[in-house]
Amino acid sequence: MAQPLTNVGSRTDAYGPTEWGLTLAIGLIWGSAFLWIALGVDHLAPGVVAFGRVALGAAALAAFPAARRTIARPDWGRIAVVAVLGNAAPALLYAVAETELDSAVAGMITSGVPILSLTVAGFMMRRLPGRSQAVGIGLGFLGIVLMTWPSMRGADATPMGVGLVFLATLGYAISGNLLVPLQQRYGGPAVTLWALVVSSVVLAPIGAATLAESEFTAGSVAAVVVLGVVGTGIARSLAATLAGRVGAPRMSTTTYLIPVVAIVLGVTFRDETVAPMALFGVGIVLLGAFLASRAVVERE
């Protein structure tokens, strides 16, 4: 029998060391993912990048016995939805989108995932979120806007690119809510592995059809390897684990750390300057993340 549909995590208390550790690890990994995508599509076709990341992610997870756990037949429908909406479609959409817009813009739009996840959860579960979580998610998004607005001036962004990223984030929001009961039954590594296997099958024809459009340079290939093994296989396994523990809306707030990581990396390694508004936005984001991490008090 398939798991009952729920987006409630097994832990509704305030975040402990495990939850914060998972959040920081996912934020750090995903904070660099847009860079790897941009480097990949410099010389590889978007279809090759998309297939490469999901296939390499699956191969990396397959090395762990816990990830090879068998999925019951009734749950394969949800696995397939997670594979398409949470893996295959976003992998292809982001790869295509980053030929149309700057990675900073893609990162800002992606930060809307918690808002969408909260909305989807409300429709699916017909349950209002905890007040602290709703306020925290709203504050976090406001902080993202303040933090990224200075860098948006002069950034390249086409309506098509923005639309593709929005569709990808909607897919993340829907699949994130479906992940919760699956993770609670099978564990994050197993759910992620089998979803990535299905995604690889879906994207294989697209990858094969665009091989001739690709130039396999060392830099682009290395970027896709890192993106696949770390940014897809490991990171999505950790995200599924966190979703099962704290619920989809709270898990999705890890995306708020993406611009924070980007700012820190830019200042540390590229001597970039940070506008005062961006620093204020960082503070708002961190406050929002803290509120979202508090114990869940449900409202009727």
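Packing-wise, with mean Cβ within 10 Å as the measure, how do 232-244, 24-36, 65-77, 215-227 rank, highest first? Walk me through the numbers on the way to the answer.
Details: 232-244: 25.8, 24-36: 19.9, 65-77: 12.9, 215-227: 17.2.
Order by mean packing, descending: 232-244, 24-36, 215-227, 65-77.
Once you have a ≥ b ≥ c as the square roots of the Cα gyration tensor eigenvalues for segment 45-107, tell me rounded if a/c is under 1.5, and otherwise prolate or oblate according to whether a/b is larger than b/c.
prolate
Please work out whether segment 153-215 counts as rounded, prolate or oblate from its C-alpha gyration tensor, where a ≥ b ≥ c are the square roots of the eigenvalues and a/c under 1.5 means rounded, while otherwise a/b larger than b/c means prolate and anything else oblate? Kindly include the intermediate steps, with their values, before the conclusion.
Working: a/c = 3.22, a/b = 1.34, b/c = 2.40.
Judged from the Cα gyration tensor, segment 153-215 comes out oblate (a/c at least 1.5, b/c at or above a/b).
Quick check on the exposure proxy: order 256, 186 from fewest to most C-beta atoms within 10 angstrom. Before the final figure, lay out each step's value.
Details: 256 28, 186 24.
Arranged by neighbour count, lowest to highest, 256, 186 become 186, 256.
Name the residues whose placed amide hydrogens come within less than 5 Å of the amide hydrogen of residue 45, ignoring near sequence neighbours (fewer than 5 apart) on the same chain.
It is 214, 215, by chain and number.
Every read-out reported here was derived from the displayed coordinates using simple, explicitly stated rules and does not represent laboratory data. Note that the structure is predicted; figures quoted are calculated from it, not measured. Note: ideal-geometry Cβ built from the backbone for every residue, glycine included; neighbour counts use all protein chains shown.
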